[in-house]
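This report concerns only the one structure given below.
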Amino acid sequence: MLSSGQRLGGTAGVLVAAILWGTTGTAATYAPDLSPLAVGAVAMGIGGLLQGLIAAATIIRQRRLISRHWHFLLTGAVAVAVYPLAFYASMRYAGVTVGTVISIGSAPLLSALIEYRLDGLRLTRQWMCGAAAGIAGMVLLCLAESGGHGSGNDHAIAGMLLGLLAGFTYSLYSWSARRLMQGGVAPRAAMGATFGAGGILLMPVLLLTGAPLLAAWNNAAVGIYMALVPMFVGYLCYGYGLARIPASTATTITLLEPVVAALLAVLLVGERLPPSGWVGVGLIVACLAVITLPPGLLPFRPGRRRSDTV
């Protein structure tokens, strides 16, 4: 069992990651010539390779242990490769806020279903109340943004479906990386191996679509920023948190990401958020408060899980 201080540190790590990830949609708007495939490949591909590089010594030292859990590594690597392609395509087709909302908003439910089916996890009442508030906030944000300027977008439905795929693959690689950690693999090695392998899978996509990165300085700057800050630093923070809190809790905390994305879209991109959207933001903040408060401060007793592996 982890101490409350370790859990708090894990929560803080995931919160920092969510804030950094929330900048990616706005950053991508400064390189309109880049396709979503190129953005996803450079961001997660280069960022993943960097994670694998800094963890190389630990990965080599634990290579036999990692090889015993190769199925988790393979699952996570494929999910890492698919996620950014679906995520950035979703934002391109459905809009920055809606794409982020669908991708991240669906992740807690999908993550919980994965853990319930594969790990025997029974969700606590605390988590369910927090997630309900968060999902309600996601719906309001999505409806507000779509009603504002996205209803006439012929590609909006495709963007939302891609967002669901992104949410599923995000949940899947979070679960896979945590299973590696629970199998005795050091957090740095688990994240480095998973994202490094995913980055290798993305290299062919980058070679095929990345030529515009060298065509203009703004394209190159966006690519460098995406790879180094939200993807490299952000996932280091996320890996730190994932080693200390359940994947379902981590993905729920990242509901902060679309809030950051919406605020930046309003302040920097010029998008407008109606009152219902701000209500959605408030519900997401309430969700974060509910799932991170100690159980003793809540007006109800959390339920028990069938198994607790944390």
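The values are calculated or read from the model by the stated rules, or taken from the named source; none is laboratory data. These numbers come from a predicted model, not from an experiment. Backbone-built Cβ (ideal geometry, glycine too); neighbour counts: all protein chains shown.
At a glance:
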| quantity | calculated |
| --- | --- |
| Counted residues, region 102-114 - those being crowded, with 24+ Cβ neighbours inside 10 Å and farther than 16 Å from residue 161 by Cβ | 2 |
| Out of 94, 77, sole residue that is within 19 Å of residue 167 (Cα to Cα), crowded, with 17+ Cβ neighbours inside 10 Å, modelled with pLDDT under 90 and of a type outside the set (Val, Ile, Thr) | 94 |
| Search result, residues across region 278-310 that are among the aromatic types (Phe, Trp, Tyr) and either under 12 Å from residue 130 (Cα atoms) or at pLDDT below 70 (or both) | 300 |
| Pair list, Cβ < 9 Å and 6+ apart or interchain, from region 27-45 residues that are closer than 12 Å to residue 208 by Cα and surrounded by fewer than 23 Cβ atoms within 10 Å (Cβ to Cβ) to residues that are at pLDDT below 90 and among the basic types (Lys, Arg) | 35/92 |
| Tally of residues being surrounded by fewer than 22 Cβ atoms within 10 Å (Cβ to Cβ), aliphatic (A, V, I, L, M) and over 19 Å from residue 135 (Cβ atoms) across region 244-277 | 6 |
| Within region 226-271, helices (runs of 4 or more DSSP H) holding 3 or more residues that are under 12 Å from the mean Cα position of the chain (by Cα), among the hydrophobic types (A, V, I, L, M, F, W, C) and at pLDDT below 85 | 247-253 |
| Residue within region 29-37 that is assigned to a helix (DSSP H, G or I), farther than 20 Å from residue 270 by Cβ and either out of contact with any Lys or Arg (no Cβ under 7 Å at 6 or more places or on another chain) or modelled with pLDDT of 95 or more (or both) present | yes |
| Residue 96 more than 24 Å from residue 282 (Cβ to Cβ) and among the β-branched types (Val, Ile, Thr) | no |
| Any chance residue 99 is closer than 18 Å to residue 179 by Cβ and either small (Gly, Ala, Ser) or buried (at least 24 other Cβ atoms within 10 Å of the Cβ) (or both) | no |
| Given (1) within 24 Å of residue 42 (Cα to Cα); (2) touching a Gly at 6+ places or on another chain (Cβ under 9 Å), number of the condition residue 137 does not satisfy | (1) |
